[in-house]
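The values are calculated or read from the model by the stated rules, or taken from the named source; none is laboratory data. What you see is a predicted model; the values in this text were computed from it and never measured. In this analysis, Cβ positions are derived from the backbone assuming ideal geometry, glycine residues included, and neighbour counts consider all displayed protein chains.
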Amino acid sequence: MKKSLSLLLLVALVSFGLHSQSCSNSPKNPSVENDPSSQVIDDQLLATNTKSTPVEAYYFHFTRRCVTCQAVETVTAEALKTLYGGKIVLKSINLDEKGHEALVKKLGINGQTLVVVKGTKKTELTNEGFMYARSNPEKLKEAIKKAVDAL
């Protein structure tokens with residue numbers, strides 16, 4: 001019994017490790033704007049919050065990504081385009097690349113994160129993204145709309 005439990009725990013840990021590794025394995029999604037100039041993004045984010053402050057959407061990720069990670073990015077980009085006609089564009093930020101430190105620190109990003117921001121207000125949608133991007137994209141789109149409209 002003890003050996004079975006140990007074996008089960010070992011298999012679970014190995015599976016988790018493999019999934020974590022695969023979440024960083026795929027190329028970037030070319031349909032999303034990748035802004036290599038973090039200074040522009042950082043300057044916009046650090047601006048004071050006013051009525052004219054734009055809503056911005058960010059997807060922070062690593063270079064290697066799994067299918068779900070890519071789906072979060074794709075569904076979010078499509079939802080923003082459909083709902084807001086290009087007024088809000090998803091900015092894809094690769095955490096493995098240098099130059100985004102100020103933005104990452106300001107938003108308190110520690111890993112893969114989907115967030116919408118307006119000035120100093122932010123709403124994180126990471127959980128919704130990973131729960132619904134593949135299984136129920138419409139529900140993710142609803143969550144995005146609700147978050148953006150609340151800002």
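What to note about this one:
- Members of the stretch 90-139 found to be farther than 23 Å from A150 by Cβ and either hydrophobic (A, V, I, L, M, F, W, C) or over 12 Å from the mean Cα position of the chain (by Cα) (or both), listed by number: L95, D96, E97, K98, G99, H100, E101, A102, V104, K105, R134, S135
- Filter pass, K122 being at pLDDT below 95, farther than 12 Å from Y59 by Cβ and outside any helix (DSSP H, G or I): yes
- Complete set of residues in the stretch 56-88 that are in a loop (DSSP other than H, G, I, E, B), under 20 Å from L107 (Cβ atoms) and either of a type in the set (V, I, T) or in contact with a helix residue (DSSP H, G or I) (Cβ under 6 Å, 6 or more places away or on another chain) (or both): T63, I88
- In the stretch 89-100 there is at least one residue that is part of a loop (DSSP other than H, G, I, E, B), among the aliphatic types (A, V, I, L, M) and at pLDDT below 90.
- Boolean, T76 is buried (at least 19 other Cβ atoms within 10 Å of the Cβ) and within 10 Å of the chain's Cα centre (by Cα): yes
- Residue match in the stretch 109-119 (condition: among the small types (G, A, S), over 14 Å from E78 (Cβ atoms) and surrounded by 16 or more Cβ atoms within 10 Å (Cβ to Cβ)): yes
- The set of residues from the stretch 79-105 being of a type outside the set (A, V, I, L, M, F, W, C), in contact (Cβ under 8 Å) with a residue 12 or more places away in the chain, surrounded by 14 or more Cβ atoms within 10 Å (Cβ to Cβ) and in contact with a strand residue (DSSP E or B) (Cβ under 9 Å, 6 or more places away or on another chain) comprises Y84, K91, S92, N94, H100.
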